[in-house]
Structures are given as C-alpha cells and as structure tokens.
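Student: Quick one: the structure is below, questions incoming.
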Amino acid sequence: MMLREIVLDTETTGLKAQGGDRLVEIGCVELINRMPVPDNEFHVYINPQRDMPKQAEAVHGLSADFLRHKALFADVADKFLDYIGDDMLIIHNASFDIGFLNAELDRLNKTLIQSDRVLDTLALARRKHPGGQNTLDALCKRYGIDNSNRVKHGALLDSWLLADIYLELIGERQASLGLASANAQAGTSARTSGTRGKTKALQRPIPRKSLATQEVLDAHSAFVETLGDDAIWRQFMTKSN
C-alpha cells in the first residue's frame, strides 16, 4: 500500500493571518513511503497585493517588486489543492502555516484544511527533545543535516530540510541509512570505478536450505541421466552428492 505525505512550508508578509498579512510563497515536497520524490515538488511565489514590511523581507528576501508580477493565490489555489489531495501534511509549527493557508482559502470560499490531516513536527520535536532548541536550524544541527544554503528562509528549501528532519524524528532516516551502510562495502569499488548501479550483491552468510522435495530431486536426476555423459548438470550433481 502506498503512503503519500506532503512536507509543506510557507512564507508570508508577517505574522497575522487575520490581521492583513498574506502568503507570498508555498513550497511542498512529496514523500512516497517515507522517501522524497525530487521530480514532484510544488513551488509558487504569490503576489500578496500589498506592501512587504522590511522585517518580513529581511527573513525571506522577497521584495514587493519581485512579487508584483507573480500569480495571485486565486490563480494557483486549485493547482495547490489538487497537489496536496487528501494526504497528510507535514509542517513545522503547523498552526502558523495552516492559519495563512486557510485564510486564503476562506477568501475564495474553498474547503479549509482540517487539523486532523496535519502533523506538526515542532510538537513532535518538543516531545522527543524536551527543553532543547527545536527550530529548523537547531534540528538540522542536531541531526547533522546540511543547511549551509539556508542564508534566508525559503519555502521550498525549508520543505526539503524539514523532510530530512521529519524522517529523523520518526526514525525512518536511520533505518534507511542502516540499509545503505549494509550495502556500502559491496558497492564501494563500483562507485569509485564509475560503474554506478552495478554493485555486487551481498551474499547470505548461511545458504538457504533447498525447498525442493526428494521427489523433485529424484525426477531431476532421472532427467539429467537422459542428457548424456557430457551434460554440465552432472558436475553440479557430483558436487551436491
């Protein structure tokens, strides 16, 4: 069964969704069975139809001039809703982003996003690391996630960082890293020689017991006898006897 989740982040003109502030950017990353899908992002800049306070521009770097010719939320709302579908939304400090998204949806008389389909990674991080710093930057540092490109906030970049953080918080990233390390030695020589994707298969330490019944083995032996003295199968039968 396929599990689809959407990691989501927004940027805005300020902090008050009900006080005149508006969305200016939405970024989403798709997870399928807890694996990011790089070719199916959702990212839009939005014309907020108002000025950009200097404090907000200092955070995300999006100026009123840059946003003036971008699409209105009304122009991208249906595409956004189609993208997220009915799947779970993974958001850091979710009440903030959902507040702005629902304010925009409400202006268009569209169905609002319900809280039961939202997982707040900030609440998850606070439960896992009580008393610690749980900002995106702090969690990246905690989990060794490279956020060196995060000079300013950006909805799409932050969604990618949050995807890694989310997988760390629920233990999925460590599980996948464990699987990768189990195959690392077998694949090292292939990667360094430029033969990517042609790694040597790992061998079982103890071969599996044959599932063939004695009746099947006897029938096979009888068949090999009909192939003549030079049949290559005779070599394997000799080894197994």
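Student: What number of residues in the stretch 57-78 are in contact with a strand residue (DSSP E or B) (Cβ under 7 Å, 6 or more places away or on another chain), within 15 Å of Gly154 (Cα to Cα) and either part of a helix (DSSP H, G or I) or outside the structural domain of Leu15 (by TED's automatic domain parsing) (or both)?
Tutor: The number of residues fulfilling the criteria is 2.
Student: Go through (1) more than 24 Å from the chain's Cα centre (by Cα); (2) of a type in the set (Phe, Trp, Tyr); (3) under 25 Å from Met2 (Cβ atoms) one by one and return the number of the condition Phe73 breaks.
Tutor: For Phe73, the exception is condition (3).
Student: Given Leu122, Leu156, Leu108, Leu167, which one is closer than 19 Å to Phe42 by Cα, of a type outside the set (Gly, Ala, Ser) and in the same structural domain as Gln18 (by TED's automatic domain parsing)?
Tutor: After ruling out the rest, the residue left standing is Leu156.
Student: Would you point out which residue out of Lys70, Lys141, Lys128 is basic (Lys, Arg), within 25 Å of Leu31 (Cβ to Cβ) and in contact (Cβ under 8 Å) with a residue 24 or more places away in the chain?
Tutor: Lys128
Student: Looking at (1) more than 20 Å from Cys28 (Cβ to Cβ); (2) touching a residue at least 40 places away in the same chain (Cβ under 8 Å); (3) in contact with an Asp or Glu (Cβ under 9 Å, 6 or more places away or on another chain), which is the one condition that is false for Ala64?
Tutor: Looking at each condition in turn, Ala64 falls short on (2).
The values are calculated or read from the model by the stated rules, or taken from the named source; none is laboratory data. For clarity, every value in this text was computed on a predicted model and none was experimentally measured. A quick note on method: Cβ atoms are made from the backbone with ideal geometry, for glycine too, and the neighbour counts reach across all protein chains shown.
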